[in-house]
Every structure is written in C-alpha cells, then in structure tokens.
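Since the structure comes first, as structure tokens, the remarks are kept for the end.
The values are calculated or read from the model by the stated rules, or taken from the named source; none is laboratory data. Not measured: the values here are computed from a predicted model. As a convention, Cβ positions derive from the backbone with ideal geometry for all residues, glycine included, and neighbour counts pool all protein chains shown. Side chains are part of the model used for accessible areas, which takes the heavy atoms of the whole protein and leaves out ligands, DNA and RNA. Shrake-Rupley method; radii C 1.70, N 1.55, O 1.52, S 1.80 Å.
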Amino acid sequence: MNVLGFESSCDETGVALVATMPGGPPRLRAEALHSQAAMHEAYGGVVPELASRDHIRRVLPLTRRVLAEAGATLAEVDLVAYTRGPGLAGALLVGAGVAVALGAALGRPVLGVHHLEGHLLSPFLGEKPPRFPFVALLVSGGHTQLMRVEGVGRYELLGETIDDAAGEAFDKSAKLLGLGYPGGPALAALAEQGDEGAFALPRPLLHSGDLDFSFAGLKTAVMTQLRKLGPAPSDAARADLAASTQAAIVEVLVAKTLKAVRASGLARLVVAGGVGANRRLRAALDAGVRRLGAEVSYPPMALCTDNGAMIALAAAMRVEAGLEQGTDAGAFDVRPRWPLQEQSAPAGA
Ligand SMILES: Nc1ncnc2c1ncn2[C@@H]1O[C@H](COP(=O)(O)OP(=O)(O)OP(=O)(O)O)[C@@H](O)[C@H]1O
Ligand SMILES: [Mg+2]
C-alpha cells in the first residue's frame, strides 16, 4: 500500500510517500520537509497566521518533490493521510484541505491521523523497529508522556507532565541563554562544551513515586542562575549552565522511563518526539535499558521532529490493523485539541 502523508499541525510542512507490504517493514520512498523556524524566530515562537499561510505556499511544491524523488505518480497512491490534530486549527486545515482534495481527485480514501500517534509509531521506520507490546516515552515540544502500548490504537497513559513539556523546558531555557527558537538543538550543542556538574539545578518530581513530570520550575532555576552570573556571563559559564540544564531534564526523563519499564514487566522501550533526537538522552537511556536487559528503539534522527512520513505510516498501520478504512473524500474536520487516548481501541479489542 502506498500512502501519501501530509503534516501541517504547527511550523513544519511535511510530505512523504510510505510503502507497506504484508510481512515486511514499511519503506519510506521519499519525504520532503520545510521548517518555518527561521520565519518565526524573530517573534520568539510560532505565529499561527504566518504558519498557515506558509503551509499553503509550501505544500504543493513539496508534494511534487516527493513524487519526483520516489519516481512515483499520483496514480500509485492508495491512501491519502493528513494530520487531523492536535495542533493549530488554521495550519491543520491546510494539510486536511489538500489531502481531501487529492483524495477526491484521485478517487482514493482519505484518513485523518492523530499527530502523537504519528510520533509514537515513527520508530517503526527506524533501523531497529520495535515489536508490540512496549513502553513508550513521547517527548516533544508540546508533550511528555509515558505510555503502555499493546498494539496499534491501544495506548494506555502511565504518566505525563503536569506543566511544561521536556521540549518546552529545552526551548525556554535556551531562550534565556539567548539561543533563539527552537532552542533544543542549540542548547544541546552548547552543552557539549560545558560541565554538567557546574550548577545544581532541581530534579522536579524525581522521587514523587508516580510517573508524572514537571519542568516549569526548571526555567525559573535557570533564570536565577543567570541573574547570579550578571549581565554578561562568560561563554564557559553559559556552556556549563546549558550542560547542567540538559543533565537535569535527562536525569528525570531517564529515571521515570526506567521506572515505567520495570513496572510494566515489558522488555521493550520506544522513544519518540523531537527531544528523542537528543544524544545525551539517547546515551543515558541506552545504558539504563541495557542494565535492565531490555531493548530500545528510536525513530531515525530526521524523523524525531514533525514530518509527513510518520503520518503516512500511522495511517497505513491503522488501516492494516483493521481499525480504519479511510473515508471517502468529502466533508472533513480538524481536531486542534484531541487527546490521544480517544484514538485508543477499547481494552481487549
Ligand atoms: N537535539 C535535541 N535536544 C533537545 N531537544 C530537541 C532536540 N531536537 C529537537 N528538540 C526539541 O524537540 C521539540 C520539537 O519536537 P516535535 O517537533 O516533536 O514537537 P512539536 O511537534 O512541536 O510538539 P507536539 O508534537 O507535542 O505537538 C522542540 O522543543 C525542540 O527544541
Ligand atoms: Mg510534533
């Protein structure tokens, strides 16, 4: 089955063609992505109206590029998938509108996909695809969740952040350090030159006994340390603070994730979402999981952040699991707020 996927929930326009075959791993035939980060940087965050307009400009040229790179024609597309939510309403409508129009023109079914389900299943496109069941750590710009995943559409929430997401903690700390938007990768790069033991930053909820997270206090702690450093901190001090911040986030993520794996009785972990690209986090999780005698799967680096491939893949997996057939192109809607657990099949299904 060839699935053409569109992602436009926030500030990345992603298009991809994914092919699946019974019994074999899914194959990414081609993908194209345009990040609006440079456009939004001047504002320190995403401006929704600008995001929607830019998706409109990018989506068709990206689609042509994907088809050309795959050496495919639209006639080969069996299913058209798009991100239905959660995300910015106007931005979601661009992908939804294009997908539904294409489905109508081609006479093919169309399927709206949950953005987090896309992230969650993206490791199936990785080098070491997981097998169900597994524990999943979803760490993105808007979410930090631990889940027990029994199969496609069977997602049980084990714990989540009560305030900021891990990606948000990276971004907000990066902003305080003057690193621009989105700051996660920049903070991680600066941290490479720093000493992570230089500043004692809090490890919120580390010993709370549950699987929830809290990262909102961390930025306040970073701000306090920056104030102490005065108006012009040295490059070395900034690198130390970046390293200490990253270490605090990683330590809490790893401790709770390993706790979830131990409690689940499962020997498999899946990590997904933009923060899953963080090398320090990957190294700590690799070591921790090895100690437990378990395995861990990640998405390919380029598919950690938003992309069309994960949307095409999630649609294919839902159809192949018999959960959906896709609907005839026609009326469509988007779900700017949409809990992932609403996508879950009833227990035992
Ligand atoms: N190497 C890295 N280290 C730390 N954080 C990173 C790294 N690469 C990306 N990020 C962070 O990942 C986040 C973006 O990830 P992603 O695209 O999955 O999130 P999102 O789509 O904005 O949020 P959501 O999927 O929850 O709606 C940003 O917060 C970014 O700073
Ligand atoms: Mg995302």
message: Taking the criterion of being of a type in the set (D, E, K, R), out of contact with any Leu (no Cβ under 7 Å at 6 or more places or on another chain) and either within 16 Å of ligand 1 (Cβ to nearest atom) or within 19 Å of Ala314 (Cα to Cα) (or both), would at least one residue in the range 28-45 satisfy it?
response: yes
- prompt: Does Leu106 satisfy the condition of being over 20 Å from Ala329 (Cβ atoms), away from ligand 2 (no atom under 16 Å from the Cβ) and over 13 Å from the mean Cα position of the chain (by Cα)?
  reply: no
- prompt: Residues in the range 264-275: is at least one closer than 27 Å to Phe6 by Cα, open to solvent by 50 Å² or more (accessible area, probe 1.4 Å) and within 12 Å of ligand 1 (Cβ to nearest atom)?
  reply: no
statement: Taking the range 173-217 and keeping only residues that are in contact with a strand residue (DSSP E or B) (Cβ under 7 Å, 6 or more places away or on another chain), among the hydrophobic types (A, V, I, L, M, F, W, C) and either open to solvent by less than 40 Å² (accessible area, probe 1.4 Å) or within 15 Å of ligand 1 (Cβ to nearest atom) (or both), one is left with Leu211, Phe213, Phe215
Residue among Val66, Val94, Val77, Val59 that is over 21 Å from His119 (Cα atoms) and among the β-branched types (Val, Ile, Thr): Val77
Residue identified as assigned by TED's automatic domain parsing to the domain that holds Pro204, small (Gly, Ala, Ser) and open to solvent by less than 10 Å² (accessible area, probe 1.4 Å) among Gly103, Gly159, Gly142: Gly159
- request: Look at the range 295-330 and say how many of its residues are closer than 21 Å to Leu88 by Cβ, open to solvent by 50 Å² or more (accessible area, probe 1.4 Å) and either part of a helix (DSSP H, G or I) or of a type outside the set (S, T, N, Q) (or both).
  value: 0
- prompt: Failed condition for Arg290, given (1) in a loop (DSSP other than H, G, I, E, B); (2) over 22 Å from the mean Cα position of the chain (by Cα), with all others met?
  reply: (1)
field: Criterion (under 24 Å from Arg262 (Cβ atoms), within 15 Å of ligand 2 (Cβ to nearest atom) and in a strand (DSSP E or B)) met by exactly one of Leu158, Leu146, Leu120, Leu138
entry: Leu138
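Table: residues versus (1) in contact with a strand residue (DSSP E or B) (Cβ under 9 Å, 6 or more places away or on another chain); (2) more than 20 Å from Asp306 (Cα to Cα); (3) not in a helix (DSSP H, G or I).
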{"residue": "Met39", "(1), (2), (3)": "no, no, no"}
{"residue": "Glu49", "(1), (2), (3)": "no, no, no"}
{"residue": "Arg53", "(1), (2), (3)": "no, no, no"}
{"residue": "Val59", "(1), (2), (3)": "yes, no, no"}
{"residue": "Leu62", "(1), (2), (3)": "yes, no, no"}
{"residue": "Ala72", "(1), (2), (3)": "yes, yes, yes"}
{"residue": "Gly95", "(1), (2), (3)": "yes, no, no"}
{"residue": "Ala99", "(1), (2), (3)": "yes, no, no"}
{"residue": "Ala104", "(1), (2), (3)": "yes, yes, no"}
statement: Tyr82 passes all but one of the listed conditions (1) aromatic (Phe, Trp, Tyr); (2) within 20 Å of the chain's Cα centre (by Cα); (3) open to solvent by 70 Å² or more (accessible area, probe 1.4 Å); the exception is number (3)
- request: Determine if the range 181-194 includes at least one residue that is at pLDDT 95 or above, assigned to a loop (DSSP other than H, G, I, E, B) and either within 25 Å of the chain's Cα centre (by Cα) or within 22 Å of Gly288 (Cβ to Cβ) (or both).
  value: yes
message: Among the residues that make up the range 237-247, is at least one of them within 16 Å of ligand 1 (Cβ to nearest atom) and open to solvent by 10 Å² or more (accessible area, probe 1.4 Å)?
response: yes
message: Can you go through Gly348, Gly308, Gly330, Gly273 and tell me which one is away from ligand 2 (no atom under 16 Å from the Cβ) and either at pLDDT 95 or above or closer than 29 Å to Thr13 by Cβ (or both)?
response: Gly330
